[in-house]
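This report concerns only the one structure given below.
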Amino acid sequence: MATDKTPISPEDYAEPRCLLCMDLPGENVKPVPQLRIIEKLDEYMSRRDYAGAQRHLLYWLEEARLGGDLRGQLTVCCELVGHYRKTQNKSEALKFVDETVELLKKLGFEKNVSAGTAFVNAATACSAFGENERALELFGQAKAAYESSPLTKAELLGGLCNNMGLCYSALGKFDRALELFEEADGYMRRVENSEAERAITCLNAADTLEARDGSEKAEKKIFELVEKALGLLDSPGLARDGYYAFVCEKCAPGIEHHGFFADAERLKKISEEIYARNGEKTEG
């Protein structure tokens with residue numbers, strides 16, 4: 001959705017957490033504290049401390065390796081894929097995509113909900129760096145994993161459709177992309193407090209319409225989509241937390257690109273205020 005065409009989705013900020021629901025490792029494995037790792041990572045992200053987040057994740061990846069904890073390695077690798085995607089480090093992101101896929105095979109986790117989320121995360125990173133054919137292959141594996149379980153939640157299917165839409169848009173298959181964005185919104189309507197994700201999908205659709213039809217021809221529909229996105233982001237029920245700040249920060253350039261300059265500046269200011277507040281809380 002952003003003007004630099006960097007995809008944004010819930011996976012940008014909240015990587016697969018359902019991996020934490022897996023069974024505990026065997027007796028000969030020294031497991032890493034996955035929940036504590038994620039909680040600490042959230043602290044770093046809430047104040048935009050990417051360097052600290054990277055040190056944190058690499059430390060725990062090494063601990064998981066030393067302890068033979070494949071499940072722990074998988075969780076941390078998924079987080080590293082997202083981290084290097086956000087920081088635009090292609091080589092490292094794709095390296096951890098490979099490691100994530102290999103760990104899924106080793107663990108035999110290729111056909112469950114957690115695997116679906118990991119595949120979506122990996123595919124989204126590939127798409128972000130222009131590896132769209134590989135991304136579609138991984139999205140296909142995610143779809144198969146989600147469809148194999150009756151426990152797959154609407155928000156997971158919504159995220160899958162949104163990110164697949166971005167991939168199809170990047171490949172110039174705009175009609176299919178728009179269909180997927182519509183499907184994504186349909187899923188997310190069933191999810192409480194999903195307005196931020198729905199706003200992202202609206203802006204992705206606006207960008208795709210512009211790419212397909214041109215800004216002048218698509219002007220009316222783009223205007224409607226941006227207005228809808230702004231209304232969703234202003235929903236009073238949304239927590240004004242680090243994730244909200246991240247979404248506002250990433251949405252602002254796309255909103256500015258479509259001519260909503262004052263709204264873009266407002267979102268940037270909100271984002272900075274939240275990051276500053278979170279930094280003060282952490283330091284205090």
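Observations
- Flag not set for Arg266, criterion: outside any helix (DSSP H, G or I) and over 27 Å from Leu171 (Cβ atoms).
- Evaluation of Ala218 against (1) in contact with an Asp or Glu (Cβ under 8 Å, 6 or more places away or on another chain); (2) in contact (Cβ under 8 Å) with a residue 24 or more places away in the chain (one fails), failing number: (2)
- Of residues in the range 227-248 being of a type in the set (D, E, K, R) and touching a residue at least 24 places away in the same chain (Cβ under 8 Å), the one surrounded by the most Cβ atoms within 10 Å (Cβ to Cβ): Lys228
- In the range 254-284, of all residues being over 19 Å from Glu219 (Cβ atoms) and either crowded, with 19+ Cβ neighbours inside 10 Å or within 21 Å of the chain's Cα centre (by Cα) (or both), the one that is modelled with the lowest pLDDT corresponds to Asn278.
- Selected residue (criterion: nearest to Asp241 (Cα to Cα)) from residues of the range 40-95 that are among the polar types (S, T, N, Q) and crowded, with 20+ Cβ neighbours inside 10 Å: Ser46
- Residue within the range 139-156 that is farther than 21 Å from Gly237 by Cβ, in a helix (DSSP H, G or I), in contact with a Lys or Arg (Cβ under 6 Å, 6 or more places away or on another chain) and hydrophobic (A, V, I, L, M, F, W, C) present: yes
- Close contacts from the range 174-197, counting a first residue that is loosely packed, with under 13 Cβ neighbours inside 10 Å and a second that is in a helix (DSSP H, G or I) and among the basic types (Lys, Arg), with Cβ to Cβ under 9 Å and a gap of 6+ residues or different chains, come to Asp175/Arg212; Arg189/Arg198.
- Residues satisfying the stated conditions in the range 74-112, i.e. within 16 Å of the chain's Cα centre (by Cα) and acidic (Asp, Glu): Glu79
- Hey, Arg134 out of contact with any Lys or Arg (no Cβ under 8 Å at 6 or more places or on another chain), farther than 23 Å from Thr100 by Cβ and surrounded by fewer than 19 Cβ atoms within 10 Å (Cβ to Cβ) or not: no
The values are calculated or read from the model by the stated rules, or taken from the named source; none is laboratory data. What you are looking at is a predicted structure, and each value in this text was computed from that prediction instead of being measured. A quick note on method: Cβ atoms are made from the backbone with ideal geometry, for glycine too, and the neighbour counts reach across all protein chains shown.
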